[in-house]
Amino acid sequence: MDIMYGAVIITAMGRNQILVENYKGIIEYTQEKIRLQTKTCQVTIQGKRLIVEYYTNEEMKITGYIQGIIYGS
Amino acid sequence: MLIDKLKFLQGYVKIKLSGYAPERFLNLCSNHNILIWNLEYEEDNYVFCISVRGLKQLKPILKKTRTTFVILERTGLPFLMRRYRKRKLFFAGIVLCCGLLYGMSLFVWKIEINGNLHETDSNILKFLEENKVYHGLPKSKINCEEIEEELRAGFGDIIWASAKLEGTMLIIDVQENLATNQQAKEQEGTDSGPSDLVADKEAVIYSILTRQGTPYVEKGSKVQPGDLLVEGKNPVYNDSEEIASYQYCVSDADILGITEYQYEDRFSMWYDEKVFTGKESGAWGIRLFSTQVKLPHFFRKFTDYDTITDEYDIKIGETFYLPLAFTKETSKEYRTERKQYTKKEAEQAAKAKLDQFCEELAQKGVQIMENNVMIITDGKSCTASGAIKVIEPIGIRKGTVLTDIPQEGQMEHGSDGEDN
């Protein structure tokens, strides 16, 4: 099991659930876009009716209608 | 699922956050290890759930991010308890009730006995009490096998017993031996040695049929108590027609004799009759464990009354009896009236009694020949007296006295004088 230390882990289950681990914080959160800051880059999740089911400092779960996961810096 | 229950136990709130930089707020929350969930974004506000503990830690974060919140919902055990904080006794009562019920179920409160015909229930219950099995006994102290053995040993009649515990009931089934009594009587006669039949009462012989033994009486002979009817001794003749020796046997014969039964019955023409006035008074009571509490009768007390007590056991389901019972006592008042039989009524009553006597005799196998009973009524009393002539079997068993004929050259065996 090799974990790339520092990199963000995104687990997508179908089109409706995303599990994100290893991030620093939330930059922006609306119903259509969630922007997260990780150690190395930024992650944008686009979709409709996005809800955060839970949010801790280790992992968070996003549910809704996912349209895209974009990596930016 | 389990986590949901935990969340409920600890209590959480649903709050609406509004302010300048809600994202910073979320980041700060997670840094402080405060869990939030069900986060939604609704027109510039965040709506989410947070635990009560977390809520308390929010104050510094709020200040930093310059946000405020409004509580929308409160869910959880702590809120429930606060709502009922003035109802503590109610919940304590529920707990106490459950505890009592459980405690009650550890004892035996009802003993039921099935299958006994000759022995009364109270006899068996008394016997059990002597052996330390009683109402209110803890279930752990009951040893069913021991009870079964004790019952079998204590009562000669009981050949099979079974004890089982159901709920708070001890059910005991017994099986009595119905055949022994009869068999014992029949065996009595055949065990012993040779026997005679002697008369047990004064009679005139009506018929005699001998199967074993030597008859000493014939039809028409009068016998007195103690007279020999059939001897269990058969003489054996030798060539010169002399008695050589005796052969002993158990006499067996059907002897019918004519005897008389004296019948006398007398009763007074005046009698007391209970007339119920119809007035009743009831009293309720409660029996707990062994103590009884009774409410007093509401109506005034009567001078003469009959009391009927009903007991209603309280039980849950079929077998879970509780040591609690309701008792209802009903008192019915009556008046005693002095009445007199008319001549006809008295005669009828006397005849009825006589008929019953005759029927009892007939059931015993006795045949009635003549009925010479006269019923006389005078002003004060009614008398029925007379003799009833019957034909009935007579003869009781008596052991034969053994003798031997002394022969020339032979010694006499030890014998008592015997009537020949």
Every listed condition ((1) modelled with pLDDT of 85 or more; (2) farther than 21 Å from B:A21 by Cα) holds for A:S73 save (1)
Checked B:D313, B:D265 against criteria (surrounded by 13 or more Cβ atoms within 10 Å (Cβ to Cβ) and in contact with a helix residue (DSSP H, G or I) (Cβ under 6 Å, 6 or more places away or on another chain)); the one match is B:D265
Subset of segment B:37-48, residues surrounded by 15 or more Cβ atoms within 10 Å (Cβ to Cβ) and more than 9 Å from chain A (Cβ to nearest Cβ), comes to B:N45, B:V47
Among (1) open to solvent by 70 Å² or more (accessible area, probe 1.4 Å); (2) within 30 Å of B:L322 (Cα to Cα), B:M81 falls short only on (2)
Among strands (runs of 3 or more DSSP E) entirely within segment B:42-154, at least 3 residues that are over 21 Å from the mean Cα position of the chain (by Cα) and touching a residue at least 24 places away in the same chain (Cβ under 8 Å) occur in B:45-51, B:67-75
Per the filter on segment B:280-332, residues of a type in the set (V, I, T), assigned to a strand (DSSP E or B) and under 30 Å from B:S105 (Cα atoms) are B:I286, B:T291, B:V293, B:T309, B:I314, B:I316, B:T327
Counting only residues in segment A:1-23 that are part of a loop (DSSP other than H, G, I, E, B) and surrounded by 15 or more Cβ atoms within 10 Å (Cβ to Cβ), the one nearest to the other protein chains (Cβ to nearest Cβ) is identified as A:Y23
Screening B:T327, B:T400, B:T336, B:T342 for residues that are open to solvent by less than 90 Å² (accessible area, probe 1.4 Å), closer than 30 Å to B:V236 by Cβ and of a type in the set (S, T, Y) leaves only B:T400
Among residues of segment B:97-109 being touching a strand residue (DSSP E or B) at 6+ places or on another chain (Cβ under 9 Å) and surrounded by 11 or more Cβ atoms within 10 Å (Cβ to Cβ), the residue farthest from B:I171 (Cα to Cα) is B:L101
All-but-one check, B:R66 against (1) exposed (fewer than 12 other Cβ atoms within 10 Å of the Cβ); (2) within 14 Å of another protein chain (Cβ to nearest Cβ); (3) at pLDDT below 80; (4) on the phi > 0 side of the Ramachandran plot, failing number (2)
Being under 60 Å from the mean Cα position of the chain (by Cα) and either more than 14 Å from every other protein chain (Cβ to nearest Cβ) or not aromatic (F, W, Y) (or both) is the requirement here; does B:I15 meet it? no
Residue hits (segment B:117-162; of a type in the set (S, T, N, Q) and open to solvent by less than 30 Å² (accessible area, probe 1.4 Å)) are B:S162
Among the residues of segment B:273-310, the number that are open to solvent by 90 Å² or more (accessible area, probe 1.4 Å) and of a type in the set (A, V, I, L, M) is 2
Picked from segment B:230-275 (must be in contact (Cβ under 8 Å) with a residue 24 or more places away in the chain and aromatic (F, W, Y)), the residue nearest to B:G379 (Cα to Cα) is B:W270
When restricted to B:E264, B:E260, B:E273, B:E241, the only residue more than 30 Å from B:L324 (Cα to Cα) and part of a loop (DSSP other than H, G, I, E, B) is B:E241
All-but-one check, B:Y248 against (1) under 30 Å from B:G365 (Cβ atoms); (2) under 44 Å from the mean Cα position of the chain (by Cα); (3) open to solvent by 60 Å² or more (accessible area, probe 1.4 Å), failing number (2)
Determine whether B:S122 is within 30 Å of B:L288 (Cα to Cα) and modelled with pLDDT of 85 or more. no
Scanning segment B:18-36 for residues that are among the small types (G, A, S) and either open to solvent by 100 Å² or more (accessible area, probe 1.4 Å) or at the interface with chain A (Cβ under 10 Å from one of its Cβ atoms) (or both) gives B:S30
Restricted to segment A:24-57 and to residues being assigned to a loop (DSSP other than H, G, I, E, B), among the hydroxyl-bearing types (S, T, Y) and within 14 Å of chain B (Cβ to nearest Cβ), the residue farthest from B:H32 (Cα to Cα) is A:T30
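What's the total number of residues in segment A:44-70 that are of a type in the set (F, W, Y) and either at pLDDT below 90 or surrounded by 14 or more Cβ atoms within 10 Å (Cβ to Cβ) (or both)? Reasoning before the result, please.
As a first pass, look at segment A:44-70 and keep what is of a type in the set (F, W, Y): A:54-55, A:65.
In the following step, the residues that additionally are either at pLDDT below 90 or surrounded by 14 or more Cβ atoms within 10 Å (Cβ to Cβ) (or both) were identified as A:54-55.
The qualifying residues number 2.
Can you say whether B:I94 is among the β-branched types (V, I, T) and open to solvent by less than 40 Å² (accessible area, probe 1.4 Å), as far as the supplied structure shows?
no
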Restricted to segment B:198-218 and to residues being open to solvent by 60 Å² or more (accessible area, probe 1.4 Å) and either among the small types (G, A, S) or assigned to a strand (DSSP E or B) (or both), the residue nearest to B:L256 (Cα to Cα) is B:Y206
Going through segment B:49-74 in order, the residues found to be farther than 13 Å from B:E23 by Cβ and of a type in the set (A, V, I, L, M, F, W, C) are B:C49, B:I50, B:V52, B:L55, B:L58, B:L62, B:F69, B:V70, B:I71, B:L72
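The values are calculated or read from the model by the stated rules, or taken from the named source; none is laboratory data. Everything quoted here is computed from the prediction, not taken from an experiment. As a convention, Cβ positions derive from the backbone with ideal geometry for all residues, glycine included, and neighbour counts pool all protein chains shown. Just so you know, the surface numbers come from the protein's heavy atoms only, side chains and all, with ligands and any DNA or RNA stripped out. Shrake-Rupley method; radii C 1.70, N 1.55, O 1.52, S 1.80 Å.
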